[in-house]
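Step one of this worksheet: look at the structure below.
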Amino acid sequence: MAFKVKFIDPPRNYAMIKEEIDAAYFDVMNKGDLIMRGHLSQFEENLADFAGTKYAIGVNSGYDALQVSIRALGIGTGDEVIVPAHTFVASASAIVNHGAKAVLVDVGADHNIDCDLIEAAITSQTKAIMPVHLNGLMADMQRVMEISEKHGLKVIEDACQSLGANVDGKGAGSWGDTGCWSFYPFKILGGYGDGGAITTNDKELYDFARRIRFNGEERETGQYHGHGYTCLLDNLQAAWLDVKLAHLPGWIERRRAIAAKYGGGLSGVGDLVLPLDNRDNFRHVYQNYVISTSRREELFNYLTENGVETLVHWRKPYYHHTALELEDKGYPVTEKLSAEVISLPMNVEINDEEVGIVIDTVRAFFAS
Ligand SMILES: Cc1ncc(COP(=O)(O)O)c(C=O)c1O
């Protein structure tokens, strides 16, 4: 069906920056710079600056950023990594695919890992914590870092949904041993295909990651430093991402302005719970605008029928998929969120009139 308000609108986004995107394309094509060339290193430099780290390494996807981090930190068979129960499956898959066990911990009202539950999940096998900064809001990294230091654990930040977010001014992806990014098209910094990156301040991790993504090879010497992968961020994608990165500060402000409009129009409506954004030192960048209601399915259907496109992340918690063979110790907040969350259109393409249509349609549902 043709939606009055789309969840995201890639052609409209392209139209906003067409000249710059086209110029980047022609620059790459005319130079023939396809693999690991100047556009990639330029983007990596700019991304590291933006995230507040010394290094950034472009890879194929957010998943690759996570799995390369797991491997770089020497995590494997017999080890355990703590990860939230409410996240995208890739966070856990990166752990399991290296032979380690994903130990799930429930989340709190901010939809991020509940730091009060982390210590009870630590065993003698635990090697790392993987906090996920979901929806554009960071996990409580002060607490995560305190716990990891106390227990001598590594920290891999799954920051795939939170580029530009910070706590106390310190950016997502700059707290842990590594920060992991996804440039999946619908992310806050989205490419035109898959892409990802690792940020780190650790030179050894940096060297490991940039070699392992290129079959383990040190380019200058031709020496193989281990069995690696082919999982580079394409030079062309890097050129486009660099164009978009320059727009990101303004785009984040726009997302925050849309969130403020939604907040103004939807607070106190029905049993709606709006995104938690009441801590001055946590900067929310609104990758997603996630609300919850006990009437989620009805609301989803009503919005669809009335031309507003929404998404649900996720109706079924990943640990309920039996093929994944994950341990379900009972995660009540995750269960409730899975039954109640729904994401409203949140993107920089949407105009104020469309935001108004979304608000009016949600209000009409609860008035009916
Ligand atoms: C929280 C989280 N972790 C990991 C990923 C994996 O990223 P990608 O799809 O680029 O592999 C995503 C994105 O889909 C994500 O949202």
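Side notes on the structure shown:
- Test: residue in region 168-177 that is in contact with a Gly (Cβ under 9 Å, 6 or more places away or on another chain) and within 15 Å of the ligand (Cβ to nearest atom): yes
- Pairs where the first residue, in region 310-329, is on the phi > 0 side of the Ramachandran plot and the second is surrounded by 14 or more Cβ atoms within 10 Å (Cβ to Cβ), C-beta under 9 Å, 6+ apart: E325/V96
- For region 109-141, filtering for residues that are farther than 27 Å from W251 by Cβ and away from the ligand (no atom under 16 Å from the Cβ) leaves 14.
- Qualifying residue in region 180-198 (condition: open to solvent by 40 Å² or more (accessible area, probe 1.4 Å) and not in a loop (DSSP other than H, G, I, E, B)): no
- Identity of the residue in region 349-360, touching a helix residue (DSSP H, G or I) at 6+ places or on another chain (Cβ under 6 Å) and surrounded by fewer than 20 Cβ atoms within 10 Å (Cβ to Cβ), that ends up nearest to E298 (Cα to Cα): I359
- Qualifying positions in region 68-104 - buried (at least 24 other Cβ atoms within 10 Å of the Cβ) and either farther than 24 Å from M138 by Cα or of a type in the set (S, T, N, Q) (or both): S69, T87, S91
- In region 56-89, of all residues being touching a helix residue (DSSP H, G or I) at 6+ places or on another chain (Cβ under 9 Å), among the β-branched types (V, I, T) and closer than 19 Å to G226 by Cα, the one that is farthest from the ligand (Cβ to nearest atom) corresponds to I75.
- Region 279-327, subset assigned to a strand (DSSP E or B) and open to solvent by 50 Å² or more (accessible area, probe 1.4 Å), residue nearest to G164 (Cα to Cα): R283
The values are calculated or read from the model by the stated rules, or taken from the named source; none is laboratory data. Model, not experiment: these values are computed from the prediction. All Cβ positions, even for glycine, are placed from backbone atoms using ideal geometry, and neighbour counts span all protein chains on display. Ligands, DNA and RNA are excluded from the accessible area calculation, which covers all protein heavy atoms including side chains. Shrake-Rupley method; radii C 1.70, N 1.55, O 1.52, S 1.80 Å.
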